[in-house]
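The block underneath contains the structure these notes are about, expressed in structure tokens.
The values are calculated or read from the model by the stated rules, or taken from the named source; none is laboratory data. In this text, all values refer to a predicted model and were calculated from it rather than measured experimentally. When we count neighbours, we look across all protein chains shown, and the Cβ atoms used for this are built from the backbone with ideal geometry, even at glycine.
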Amino acid sequence: MGRFLNKGNQKFARFVKGKYFVDKTEIIHRLLEKDEDEKFICNSRARRFGKSVTADMLVAYFSRGADSAELFAPLKCNKDALFRENLNRYDTIFVDIQGQFLEAWKAKADPNESIERNLVSELREAYPELVSDKMTLAAALSIIYDRTGGQFVIIFDEWDYPIRELEEGNRDREGYVEALRSLFKNSDAKDYIRLAYLTGIMPIVRTKGQSAVNNFTEYTMAEPRDLGGYIGFTEEEVESLCRKFGVDFGQMREWYNGYNLNGIPIYNAWSVTEALRTNYFKQYWTITGTYGDIEDLITRNFDGLREDILKMLSGNRILVDVDDGINDLQTFHNKEQVITALIHLGYCAYDGKSREAYIPNKEIQAVFYKSVRQSKNGQLVQFMKQSEKLLYAVLENEAGQVGDLVGSVHNDFISNIEYNDENSLSCTITIAMLSALTYYHRPIREFPGGKGFADIVYLPLPQYRGYPAIVVELKWNKSVKAAIYQIKDRQYPQALKGYAGDILLVGIAYDKKTKQHTCEIEHFG
């Protein structure tokens, strides 16, 4: 067993023994069933969703000489004839691209030449009569297949590292793209490859509108296809773990749920594991990154980007075309490419049916909110000051000031939202009240209560129980008194009878002719 060739099963065997192990081995059968045109796979996921563990599992399954039958025997994988005939049958090449690039740079070497030299060297040791050091990697694989009939499984972890980190035109980046083409796009590749599996954060990079390696089938955070449930934890798996370790599943769901991969609710595996380990809910995954990454993306100078970020942060969804993504983190031409990158990075979730992006959960909400609050962008700083004044005015029953501030925020910061119904007005209010996230849960739209549904309800966080719950009713081209009357008549506050604190009833109306917002606030009880 080598450093890159046939690494064996030890790493995955250690992982299986872990306290919080979740069995995802059914993905093996999905991959084995792929036909000749589907065996080139790029399965990209956000950080900490279990990409590397899946790669280690595939190494353990495919590596020639690893003898993994006993390791997989108790696991969920479908151990049929197809599974048995492929188990430990193939020479398997595994490369951590990020690790190899960093190692080469430290040695002041060309990373692409270094990777190829290392792989050819190990192939020469395994097949001394067939491979020489002067061969290219593709030539060595082709000759071995031609002489022995043996196919290869090639697994690249962090495959996209050079694309994410290096600007277009960089010599090492361009050399890496050419190395991928040489290895996977030559005329013999379909013969010598049994499976090519690239995993990383971003999908295949596109250059001049075309995929750099267009024979790969892509499975992404935006289009997971049939692999959606095999990366990250499903809701059923998380609920089972919470029962096992006595952890509150409701809080786990609020903090870490929200990703929708082909209709399957998916949780970030790292955050769930850390919450299970500590029985404490906070940011885990997001603190392994940097706020600078978010700041750089959300303050890009594209028309409407700031408004869309604020919409999502306040609990709304936005339409986005994810098909136009460049798939690197260096080149952006419009706001949709920025939001598509945020989807791939895991900072936004995506609903493929409605084609909408949104912020999935409390953990991600916290990182966006902190980034907006700490932003050096003058417009965002001014917006947060206005929002904080608005929240204070609501809590102090300053109804006239609330109406004026809602109008000001709408005109100054979210003017692209045109009122044509109460839903548009609702979107404006949740954005304007963004500062409430400091003390309150995310706003609940269409809150069921009494004889109907309240437009918006804010419930205070557990540590801020002294703050009142806020029930908001909106009216478009109707009187503000009609809003307060509806809250009382339909008995919306009764749904909060289990809540021990004060309740504020807030009616907000918008007059299309005068373009004025009016407000009325009452204490309930």
Quiz item: Which pairs do you get when a residue that is on the phi > 0 side of the Ramachandran plot, found in the range 29-48, comes within reach of a residue that is at pLDDT 95 or above and among the β-branched types (Val, Ile, Thr), reach meaning Cβ atoms under 7 angstrom, with the pair 6+ apart or on two chains?
Solution: none
Quiz item: How many residues are over 25 Å from the mean Cα position of the chain (by Cα), surrounded by 16 or more Cβ atoms within 10 Å (Cβ to Cβ) and among the basic types (Lys, Arg) when one looks only at the range 150-180?
Solution: 0
Practice problem: Just give me the residues in the range 405-438 being over 14 Å from residue 474 (Cβ atoms) and either free of Cβ contacts under 8 Å to residues at least 60 places away in the same chain or surrounded by fewer than 16 Cβ atoms within 10 Å (Cβ to Cβ) (or both), in sequence order. | Solution: 405, 408, 409, 411, 412, 415, 416, 418, 435, 436, 438
Self-check item: Scope the range 470-484; condition crowded, with 20+ Cβ neighbours inside 10 Å and assigned to a strand (DSSP E or B); matching residues
Solution: 470, 471, 472, 473, 474, 475
Quiz prompt | Residue check, residue 67 farther than 30 Å from residue 328 by Cα and either in a loop (DSSP other than H, G, I, E, B) or not aliphatic (A, V, I, L, M) (or both) | solution = yes
Practice problem: Test each condition in (1) without any contact (Cβ under 8 Å) to a residue 60 or more places away in the chain; (2) surrounded by fewer than 18 Cβ atoms within 10 Å (Cβ to Cβ) for residue 445 and report the one that comes out false. | Solution: (1)
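Is it true that residue 514 is of a type in the set (Ser, Thr, Tyr), more than 21 Å from residue 408 (Cα to Cα) and loosely packed, with under 15 Cβ neighbours inside 10 Å?
Details: of a type in the set (Ser, Thr, Tyr): yes; more than 21 Å from residue 408 (Cα to Cα): no; loosely packed, with under 15 Cβ neighbours inside 10 Å: yes.
Taking the combined requirement at face value, the residue does not satisfy it.
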Quiz prompt | Single unsatisfied condition, residue 456 versus (1) within 22 Å of residue 250 (Cα to Cα); (2) assigned to a helix (DSSP H, G or I); (3) in contact with a strand residue (DSSP E or B) (Cβ under 7 Å, 6 or more places away or on another chain) | solution = (2)
Exercise. Identify the single condition in (1) of a type outside the set (D, E, K, R); (2) within 15 Å of residue 524 (Cα to Cα); (3) in contact with a Cys (Cβ under 9 Å, 6 or more places away or on another chain) that residue 457 does not satisfy, given that it satisfies every other one.
Key: (3)
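Which members of the range 495-511 meet the condition of being assigned to a loop (DSSP other than H, G, I, E, B) and either of a type in the set (Asp, Glu) or not assigned by TED's automatic domain parsing to the domain that holds residue 405 (or both)? Break it down stepwise before answering.
Step one: filter the range 495-511 for residues assigned to a loop (DSSP other than H, G, I, E, B), giving 497-502.
Passing the criteria: only 502.
State which residue is nearest to residue 412 (Cα to Cα) when the search covers only the range 379-397 and only residues that are free of Cβ contacts under 8 Å to residues at least 40 places away in the same chain and not β-branched (Val, Ile, Thr). Reasoning before the result, please.
First, pick out the residues of the range 379-397 that are free of Cβ contacts under 8 Å to residues at least 40 places away in the same chain: 381-382, 385, 389, 392-393, 396.
Filter again for not β-branched (Val, Ile, Thr), leaving 382, 385, 389, 392-393, 396.
Details: 382: 10, 385: 12, 389: 15, 392: 19, 393: 18, 396: 24 Å.
Per the criteria, the residue is 382.
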Quiz prompt | Restricting the range 51-83 to residues that are among the basic types (Lys, Arg) and in contact (Cβ under 8 Å) with a residue 12 or more places away in the chain, the residue that is nearest to residue 5 (Cα to Cα) | solution = 64
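When you scan the range 333-361, how many residues do you find that are surrounded by 19 or more Cβ atoms within 10 Å (Cβ to Cβ) and either within 13 Å of the chain's Cα centre (by Cα) or not assigned by TED's automatic domain parsing to the domain that holds residue 253 (or both)?
Residues meeting the conditions: 17.
Every residue, every condition in (1) closer than 29 Å to residue 271 by Cα; (2) touching a Lys or Arg at 6+ places or on another chain (Cβ under 7 Å); (3) surrounded by 14 or more Cβ atoms within 10 Å (Cβ to Cβ), yes or no:
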site: 59; (1), (2), (3): yes, yes, yes
site: 67; (1), (2), (3): no, no, no
site: 74; (1), (2), (3): yes, no, no
site: 89; (1), (2), (3): no, yes, yes
site: 128; (1), (2), (3): no, no, no
site: 139; (1), (2), (3): no, no, yes
site: 142; (1), (2), (3): no, no, yes
site: 148; (1), (2), (3): no, no, no
Quiz prompt | Failed item, numbered, when residue 3 is tested on (1) modelled with pLDDT of 95 or more; (2) assigned to a loop (DSSP other than H, G, I, E, B); (3) within 24 Å of residue 175 (Cβ to Cβ) | solution = (1)
Quiz item: Would a scan of the range 351-363 turn up a residue that is in contact (Cβ under 8 Å) with a residue 40 or more places away in the chain, basic (Lys, Arg) and more than 20 Å from residue 203 (Cβ to Cβ)?
Solution: yes
